[in-house]
Amino acid sequence: MILKKIFQIILVLTVFSGFNRIARADEPVTPRITATYAKLSDGTKRISIALSARQNDKRVNIPDAALQIIAQNEAIKTILGNVITNQQGKASLDIEPGTTLPRDQDGYTFMVLFGGNTKLDKTSQSIHATEAFLEISLNEKDTIKTITARVIKHNEKGEKVGIPDVPVEFNVKRLFCLYPIGNEKTDSLGSCSLEFPSTMPGDKNGKVTIVVRMPDNETYGTVEESKDINWGTLLVYKVKPIRGLGDTDAPLWMVYTLLVLLTGVWLHVVYIIVLVIRINIIGKKAIKS
Amino acid sequence: MSQQEIAQQKLVEIFAHFGKPSKFSKGLFIFLILIVLFAFYALILQMTRGQIVTGMRDYVIWGIYEVNFIFFIGISYAGAMISGILHLLHVEWRKPIIRIAEMITVISVLIGPLYVLLSMGRMDRFLHIFEYGRIQSPIVWDVIAITTYLTCSILFLYLALIRDYALLRDNQELKISSFRKKIYRKLAVTYHELPLQKKLLNRGLSVMSAIIIPLAVLVHSVLAWIFGMTIRPGWHSTIFAPYFVIAAVFSGTAVLIIAMWIFRKYYHLEEYITEKHFKYIGLILLVLAGLYGYFTFSEYLTVWYGSETWELEVIYKLFDFSDYGAWFYLAAFAGVLIPMLFTGIPFFRNINTITIGAVIAVVCMWIKRYLIIVPTLETPLLPNQDYRPEYVHYHASWVEWSLTAGGVALFFLFFMIFIRFMPIIPVADISEVPENKEFISEKL
């Protein structure tokens, strides 16, 4: 009896949840905008956006959606540009160094707007980033090379103050991505240090690019700074690779093999042609005689 | 009746079938011409507008054109391997079917390479391969190998035809135009079945049949190396060359069976192409199907077991029913097991079932070549920033299908033209009475 009741309740709930879904099927869905702020080492400010929505109880990325990005404070609104999401529902806008942005007391506020369409509601998301800076100093004492990073911000009086207790990543720039060499946390003065690995390869002059980042901070966003120095080990290029895909000269064994094979086959072709000529001559002689 | 007289009589009988084209063959000829013309229109469209009219894009740069290329080169094995091996082994029952096999070889090697040109974005740059080609490139090997293969195939076919041309030249009963008589006179090169002429011709045929076998193996190995020598998952495999060779002989034999069925049925050659021929060639198909199945199993088991990340991306596309699964299982199982069933079990084995098995094998082999090329190219090794589905996923356009149909139509057209000038049954050969063989009595 109890089981029957439970079954009836489950059945009713299932049917109602189905109706609810059907009812919701045609209604526009409110998408979610996730925006992050990053200040890169060359001074570029990057707003990265991801647009997604729930569909059939799954979160799906929304491609080809037009988004507008605005920088604003209490007095001014400046349209920075429009972007379109890619197949992963992602887009980003780079603000070139030197661009004047409306700022508030301690940083910038950015607004990301999605205009909506027949399937998706209009929505917006704002992010605020307090402006922070990273300073790198590189010191070499005896054979020990040390990277010191200091994360700072300006206080109300415009003085530089360290930001304590934030994680900092130390990396070396490689061809395709950053190679992490260590993670530290800033002390009460906003500083932290890391010993540079002595075996890190550099270019032919030993040059490496050290990239220090404060990643994904809720208040400051991502802040990045880099410096070049010849601390790496010297990279010795192999003058003559054993075999290269783009070599203009074929290996000799290959040339000889090909020549032997081709000569062998084509000699037989010539031999057959000679045979046919001989058959013809024999026939002609027979006709004459 | 002397051997020469038997030959002359048979010649008249056989050529009587091909003397006047019937209404059906005229209609078929026009129909095939129309298909070729439509394909030509598609070709002009592709040449003027570029490859945007095809389904090929940034990732899938080889579509069904390359599939057709491998397919046609594959079926050329009918003449090269079947005819070459059977000739070297002096197998008597080969004689009535050997000409069909040799014709398949020449025609398919003439058509196949055209598809490589169609794959090229700039066809006018084809000659660059001769001007700037690098010997270490498998593409250059392929051009050299196919050119040599085509030359040898034509020579092999011509040598086998000399004696028949001599019969055609000397036959007074055949009513053919003086122009054709003149052609036959030239091609017969004063051959009069003299002992020394016969000896030289047989020597030439033995040499060519010995040369054509390793050459055919080399051609398809080179074709496989074009794929195998790249480090792409799905292609970079050490067994690709023998795998391609076995697949080629398998599909070539299957096409030979289909051609035998068509000629036997349409030209009433039941007296020459008997059930025994189908059973013998069917048994060869059975062995090849087994070998091909073994290679397929070995290739995919090794890759799947190795679980290398990039390889698995391709292999799961092939195994997944929402992707290429249905086609993969069809090609891997139906393409192997059905021909084996129809050729291996005596209860099912007859002319029609063997032919059905061959048709299934041919279709599945075409699908298999598609599965080798397209899913691999749809799996990019380096992710691009902007990879829209239409850039990655390949669908052949109507232009590509038209040119494919054009190639098939051209194959049949060439056959129709060839049989007007060449006896489809090697008359001189089948009139010979071999020692200790009941050859004539069996009408083989």
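The values are calculated or read from the model by the stated rules, or taken from the named source; none is laboratory data. Quick caveat, the model's predicted, so the values are computed rather than measured. Positions of Cβ are backbone-derived with ideal geometry, glycine not excepted, and every protein chain shown enters the neighbour counts.
Hey, could you check the range A:117-140 for residues that are among the acidic types (Asp, Glu) and not in a loop (DSSP other than H, G, I, E, B) and say which is nearest to A:PHE170 (Cα to Cα)? Step by step, filter the range A:117-140, then rank; the result is A:GLU135. Does the range B:17-69 hold any residues that are buried (at least 16 other Cβ atoms within 10 Å of the Cβ), part of a loop (DSSP other than H, G, I, E, B) and among the small types (Gly, Ala, Ser), and which are they? Passing the criteria: B:GLY55, B:GLY63.
Pairing residues of the range B:381-392 that are more than 8 Å from chain A (Cβ to nearest Cβ) with residues that are surrounded by 14 or more Cβ atoms within 10 Å (Cβ to Cβ) and at pLDDT below 70, at Cβ distances under 6 Å and at least 6 apart in sequence or on separate chains, gives no pairs at all. Within the range A:268-289, residues that are among the acidic types (Asp, Glu) have Cβ atoms under 7 Å from residues that are part of a helix (DSSP H, G or I) in no pair, counting only partners at least 6 apart in sequence or on another chain.
Restricting the range A:134-153 to residues that are in contact (Cβ under 8 Å) with a residue 24 or more places away in the chain and surrounded by fewer than 17 Cβ atoms within 10 Å (Cβ to Cβ), the residue that is farthest from A:SER198 (Cα to Cα) is A:GLU135.
Could you identify the single residue in B:SER298, B:SER206 that is within 14 Å of chain A (Cβ to nearest Cβ) and either part of a helix (DSSP H, G or I) or free of Cβ contacts under 8 Å to residues at least 24 places away in the same chain (or both)? It would help to see each step written out before you state the result.
On the way: B:SER298 fails: within 14 Å of chain A (Cβ to nearest Cβ).
None of the others qualify; the one that does is B:SER206.
Among the residues making up the range B:176-203, those that are within 17 Å of B:PRO423 (Cβ to Cβ), in a helix (DSSP H, G or I) and among the charged types (D, E, K, R) are B:ARG180, B:LYS181, B:ARG185, B:LYS186. Condition check for B:GLY252 on (1) within 14 Å of chain A (Cβ to nearest Cβ); (2) out of contact with any Pro (no Cβ under 9 Å at 6 or more places or on another chain); (3) not hydrophobic (A, V, I, L, M, F, W, C): one failure, at (1). Looking across the range B:142-158 at every residue that is more than 10 Å from chain A (Cβ to nearest Cβ) and surrounded by 20 or more Cβ atoms within 10 Å (Cβ to Cβ), the one that is farthest from A:GLY264 (Cα to Cα) is identified as B:LEU157. From the list B:TYR77, B:TYR65, the one residue that fits, being more than 14 Å from chain A (Cβ to nearest Cβ), aromatic (Phe, Trp, Tyr) and under 30 Å from B:VAL427 (Cα atoms), is B:TYR77.
Filtering the range A:58-75 to residues that are assigned to a strand (DSSP E or B) and at pLDDT 90 or above leaves A:VAL60, A:ASN61, A:ALA66, A:LEU67, A:GLN68, A:ILE69, A:ILE70, A:ALA71, A:GLN72. When we screen A:GLU169, A:GLU159 for residues that are surrounded by 19 or more Cβ atoms within 10 Å (Cβ to Cβ) and among the acidic types (Asp, Glu), the only hit is A:GLU169. Only one of the listed residues (A:THR36, A:THR85) is out of contact with any Lys or Arg (no Cβ under 7 Å at 6 or more places or on another chain), modelled with pLDDT of 90 or more and within 23 Å of A:TYR220 (Cα to Cα). That residue is A:THR36. Can you tell me which residues in the range B:267-295 are without any contact (Cβ under 8 Å) to a residue 60 or more places away in the chain and in a helix (DSSP H, G or I)? Once the filter is applied, which keeps residues that are without any contact (Cβ under 8 Å) to a residue 60 or more places away in the chain and in a helix (DSSP H, G or I), the range B:267-295 yields B:LEU286, B:VAL287, B:LEU288, B:GLY290, B:LEU291, B:TYR292, B:GLY293, B:TYR294, B:PHE295. If only residues of the range A:86-128 that are touching a Pro at 6+ places or on another chain (Cβ under 8 Å) and aromatic (Phe, Trp, Tyr) are counted, the one that is nearest to A:THR30 (Cα to Cα) is A:PHE114. For the range B:274-285, the count of residues that are surrounded by 22 or more Cβ atoms within 10 Å (Cβ to Cβ), of a type in the set (Val, Ile, Thr) and assigned by TED's automatic domain parsing to the domain that holds B:ILE107 is at least one. Just one of the listed residues (B:ARG169, B:ARG180, B:ARG185) is among the charged types (D, E, K, R), within 12 Å of chain A (Cβ to nearest Cβ) and surrounded by fewer than 19 Cβ atoms within 10 Å (Cβ to Cβ), and it is B:ARG185. Here B:THR230 does not fit the description of being in the same structural domain as B:THR353 (by TED's automatic domain parsing), polar (S, T, N, Q) and part of a helix (DSSP H, G or I).
Within the range B:218-235, the residues that satisfy the criterion of being within 14 Å of chain A (Cβ to nearest Cβ) and free of Cβ contacts under 8 Å to residues at least 40 places away in the same chain are B:SER221, B:THR230, B:ILE231.
Can you tell me which of A:GLU184, A:GLU218 is more than 30 Å from A:ASP142 (Cα to Cα), away from chain B (no Cβ under 14 Å) and without any contact (Cβ under 8 Å) to a residue 60 or more places away in the chain?
Exactly one residue qualifies, and that residue is A:GLU218.
B:PHE244 passes every criterion in (1) surrounded by fewer than 22 Cβ atoms within 10 Å (Cβ to Cβ); (2) assigned to a helix (DSSP H, G or I); (3) not polar (S, T, N, Q) apart from (1). Of all residues in the range B:301-322, those satisfying the criterion of being among the charged types (D, E, K, R) and either modelled with pLDDT under 90 or not assigned by TED's automatic domain parsing to the domain that holds B:VAL363 (or both) are B:GLU308, B:GLU311, B:GLU313. For the range B:98-140, filtered to residues that are modelled with pLDDT under 85 and within 15 Å of B:ILE70 (Cα to Cα), the residue that is surrounded by the most Cβ atoms within 10 Å (Cβ to Cβ) is B:PRO138. In the range B:173-189, is there at least one residue being over 30 Å from B:GLU311 (Cβ atoms), out of contact with any Gly (no Cβ under 9 Å at 6 or more places or on another chain), among the small types (Gly, Ala, Ser) and at pLDDT below 90? Within the range B:173-189, one or more residues are over 30 Å from B:GLU311 (Cβ atoms), out of contact with any Gly (no Cβ under 9 Å at 6 or more places or on another chain), among the small types (Gly, Ala, Ser) and at pLDDT below 90. Mind checking whether some residue in the range B:320-341 is farther than 26 Å from B:ILE257 by Cβ and of a type in the set (Val, Ile, Thr)? Checked against the condition, which is being farther than 26 Å from B:ILE257 by Cβ and of a type in the set (Val, Ile, Thr), the range B:320-341 yields no hits at all. Screening the range A:259-278 for residues that are over 21 Å from B:VAL219 (Cα atoms) and among the hydrophobic types (A, V, I, L, M, F, W, C) and picking the one that is nearest to the other protein chains (Cβ to nearest Cβ) gives A:LEU275.
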